[in-house]
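**Student:** Questions regarding the structure given below will be posed in turn.
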Amino acid sequence: MNIITTHTDHTTAVDTAGGTEALVLNCMDHRLVGAVSDYLEGRGLRGRYDQITLAGGAIGVMSDQTSDWAKTFWQHVALARKLHGIRKIIVIDHRDCGACKLFVRSDCAEDRDRELATHMKWMEALADEVKTREPGLEVEMLLMDLDGSVEQLDV
Ligand SMILES: [Zn+2]
């Protein structure tokens, strides 16, 4: 029996032995899928993060209306830590989020300051939960606008 092994030389090959910097949590919104990827690449994180996508990002994890998603999320956090040694979770919520309108308040996106405060509240709740469930993991909280620009929120 012959076993044929082929190798492809990828210049952007992922270093599997070195582990992974972070787990990224972002919303499923199609308008920002490319922007999230571009943003992370701009930070030099290409091929260096795990990713889980749930509608609403932090809201999807923390809302009582999506409690099944929370279970999936926390299992993925534990797995990313075990398999890849992640040191942080990068949460990328975004403006004009349909899940925010559906699960939190229908006028979520009508006032920019209030929208920021709303997402911050949910991301802070997630960060608190991380401290309890996964002590030692850092949490970065970001709010992306529809043009791909990112506001970093204080923890
Ligand atoms: Zn969204």
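**Student:** Of the numbered conditions (1) at pLDDT below 95; (2) under 14 Å from the mean Cα position of the chain (by Cα), Val61 fails exactly one; give the number of that condition.
**Tutor:** Just one mismatch for Val61, condition (1).
**Student:** Does Leu143 meet the test of being part of a strand (DSSP E or B), among the hydrophobic types (A, V, I, L, M, F, W, C) and more than 18 Å from Phe73 (Cβ to Cβ)?
**Tutor:** Yes.
**Student:** Now for a separate question. In the set Val139, Val104, Val150, which member is of a type in the set (A, V, I, L, M, F, W, C), touching a Ser or Thr at 6+ places or on another chain (Cβ under 9 Å) and within 21 Å of Met28 (Cα to Cα)?
**Tutor:** Values: Val139 fails: touching a Ser or Thr at 6+ places or on another chain (Cβ under 9 Å); Val150 fails: touching a Ser or Thr at 6+ places or on another chain (Cβ under 9 Å).
Matching residue, one of Val139, Val104, Val150: Val104.
**Student:** Still on this model: Which one of these does Ile89 not meet: (1) open to solvent by less than 10 Å² (accessible area, probe 1.4 Å); (2) in a loop (DSSP other than H, G, I, E, B)?
**Tutor:** Status for Ile89: all satisfied but (2).
**Student:** Whether any residue in the range 21-43 is at pLDDT below 95 and over 21 Å from Leu143 (Cβ atoms) is what I want to check.
**Tutor:** no
**Student:** Which residues, taken from the range 39-79, are free of Cβ contacts under 8 Å to residues at least 12 places away in the same chain and in a loop (DSSP other than H, G, I, E, B)?
**Tutor:** Within the range 39-79, Arg43, Gly44 qualify.
**Student:** I'd like the full set of residues that are surrounded by fewer than 15 Cβ atoms within 10 Å (Cβ to Cβ) and either within 16 Å of the chain's Cα centre (by Cα) or under 21 Å from His94 (Cβ atoms) (or both), limited to the range 126-140.
**Tutor:** Answer for the range 126-140, where residues must be surrounded by fewer than 15 Cβ atoms within 10 Å (Cβ to Cβ) and either within 16 Å of the chain's Cα centre (by Cα) or under 21 Å from His94 (Cβ atoms) (or both): Asp128, Glu138.
**Student:** Now for a separate question. Run down Phe73, Phe103 and say which single residue is under 21 Å from Thr20 (Cβ atoms), surrounded by 15 or more Cβ atoms within 10 Å (Cβ to Cβ) and among the aromatic types (Phe, Trp, Tyr).
**Tutor:** Answer to the selection: Phe73.
The values are calculated or read from the model by the stated rules, or taken from the named source; none is laboratory data. Remember, it's a predicted structure, so these values are computed and weren't measured experimentally. Glycine gets a Cβ as well: all are built from the backbone with ideal geometry, and neighbour counts include every protein chain shown. With ligands, DNA and RNA removed, areas are computed over all heavy atoms of the protein, side chains included. Shrake-Rupley method; radii C 1.70, N 1.55, O 1.52, S 1.80 Å.
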